[in-house]
Structure formats: C-alpha cells, structure tokens
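Working notes, beginning with the structure itself.
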Amino acid sequence: MSTFVLVHGAWHGGWAWRRVIPSLLQAGHEVHAPTLTGLSDRAHLLSPSVGLSTHVQDVVALIEAYDLHDVTLVGHSYAGQVVTGVADRVPDRLARRVYLDAFVGADGDAAIDLLPEKVAGHYRESVAGPGFGWLIPVRSLHVLGVTERADLDWLEPRLTPHPWLTYTEPLRVRGSGRVPAAFVECTDWMRVFQPHAERAAALGWPVHHLATGHEAMVTAPKELAELLLAVNAS
C-alpha cells in the first residue's frame, strides 16, 4: 500500500479530487486531499499574507502530522510549486512526485513568471481590478477546457478567489531534487503547461499525456486514476 497526497490548484479545494479518490482507495492505497489555506472550506483563513510558503507548510504539516511515508505527492497546476517546495522540505517521506499539468519551477521562480506572457497579463489585470490588488479572481472554466454542463455546474459554485501572493512569492528550494518525478500533460485545451512538460522531459522525467482539458480530475477521473496508479507502480 502506498499513500497518495493530492494537492489541488488555484481556486479549488480538496473536494476537486472526489471523482479520482475512489479508484485509488479501491486499489488499496491511503489517500489525503488537503485544502490549502485560504481556499474553499478554508476560505475563512484568506488574507493578503497567504503565500506559497503557507501552502508548502500546509502540506508538510499534513505529512508530518499523519506520519506519512512512501508518499506519492501529486500537484495540479499551481500546486506544482507546492510539490517542489514540499519535496525540498521532506524528501525522505516522499517516494515520487507527479506534476499534473503543473508548474515545474526552480529556486527563485515565481508562478506568475512561469505563465505565458499573455496569460500572466490577464492575471495581473484581474488582480488589479476585481481582485482588489491581492486576489486572483476565478478564471473561466471554458478557457480551462471544461465544456460539459454537468461538470460546469459541479465546479462553478465551489471555486473561490486565490491569494495573489502565492503567484508572486518566489519558490525557495535548496535541494537536489532527488525525489523521482513524472509529468502528466493535459492536451485538449490551450496547453498553457506544454513548456513545463518540455522542461520535465529535459530533466529526464517520464512525460505522460491525457486527452482532456486542464481539469483532468473532473473531466477524465477514471483515466487520471489509472495513470496515477501506473506511475505509482513504476
């Protein structure tokens, strides 16, 4: 039995993995899907001071509190930054990292600078306007490749604004990146994270592809779970 820790991306919560978790449990694994500080059911903790280091500490604290070992740590989208930070802090507790259409950052990288210039510009404009200077308003799900009405109806009411500092605070890591890593790219959308798939390949990581939009845990949960189980077994 392995332990999966599934970390959601911007605007989401641990609930985002609800369609994936049953398959992992049925395969005999332990699963944790925390909600990061300031998001979803922890939105009451939202403040301008919530940054990337806050979210790294969220996941480190969970791993240590439950005394987890042999962890497959999965990060979606923004949470690639979190996964890299956690792997630097508690490498001996991790078996592998999986970046699901996610940032592959290095020391000193801020998430906003890892986005394509046009997309980063949209973020900055929305933060300066409806985000009051410290929040990233929820992005259009259509832009993220979600098209089914049932999926939209499930996602839209649950998404919450995301703290801007998490995108501007640089990643700080000391380590060698010795925890094995793999990348999963979602290909049926505008492929914002294709450069990160290419970076992962250049680092020698296995790169897998899913023919779905960015919200794979919602739009292709069965296929994603099968892929995570295969990566875990490799």
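The values are calculated or read from the model by the stated rules, or taken from the named source; none is laboratory data. These numbers come from a predicted model, not from an experiment. Virtual Cβ from ideal backbone geometry, glycine too; neighbours counted across all protein chains shown. Just so you know, the surface numbers come from the protein's heavy atoms only, side chains and all, with ligands and any DNA or RNA stripped out. Shrake-Rupley method; radii C 1.70, N 1.55, O 1.52, S 1.80 Å.
Within the stretch 178-196, how many residues are within 16 Å of ALA106 (Cβ to Cβ) and crowded, with 16+ Cβ neighbours inside 10 Å?
Let us first name the residues in the stretch 178-196 that are within 16 Å of ALA106 (Cβ to Cβ), namely 178-179, 181, 183, 193, 195-196.
Checking the rest, the ones that are also crowded, with 16+ Cβ neighbours inside 10 Å come to 179, 181, 183, 193, 196.
Within the stretch 178-196, residues that are within 16 Å of ALA106 (Cβ to Cβ) and crowded, with 16+ Cβ neighbours inside 10 Å number 5.
Pick from THR35, THR54, THR72: which is open to solvent by less than 10 Å² (accessible area, probe 1.4 Å) and among the hydroxyl-bearing types (Ser, Thr, Tyr)?
THR72
If you take the residues in the stretch 148-176 that are touching a helix residue (DSSP H, G or I) at 6+ places or on another chain (Cβ under 8 Å) and over 25 Å from THR37 (Cβ atoms), which one is most open to solvent (accessible area, probe 1.4 Å)?
GLU148
Under 8 Å between Cβ atoms, at least 6 apart or on separate chains: pull out the pairs that start in the stretch 220-234 with a residue that is among the β-branched types (Val, Ile, Thr) and end on any residue that is open to solvent by 30 Å² or more (accessible area, probe 1.4 Å).
Going by the 8 Å Cβ cut-off, the qualifying pairs are VAL231/ARG96; VAL231/PRO206; VAL231/HIS208.
Can you name the residue in the stretch 215-230 that is open to solvent by less than 10 Å² (accessible area, probe 1.4 Å) and not small (Gly, Ala, Ser) and is also farthest from ARG89 (Cα to Cα) among such residues?
This residue is VAL218.
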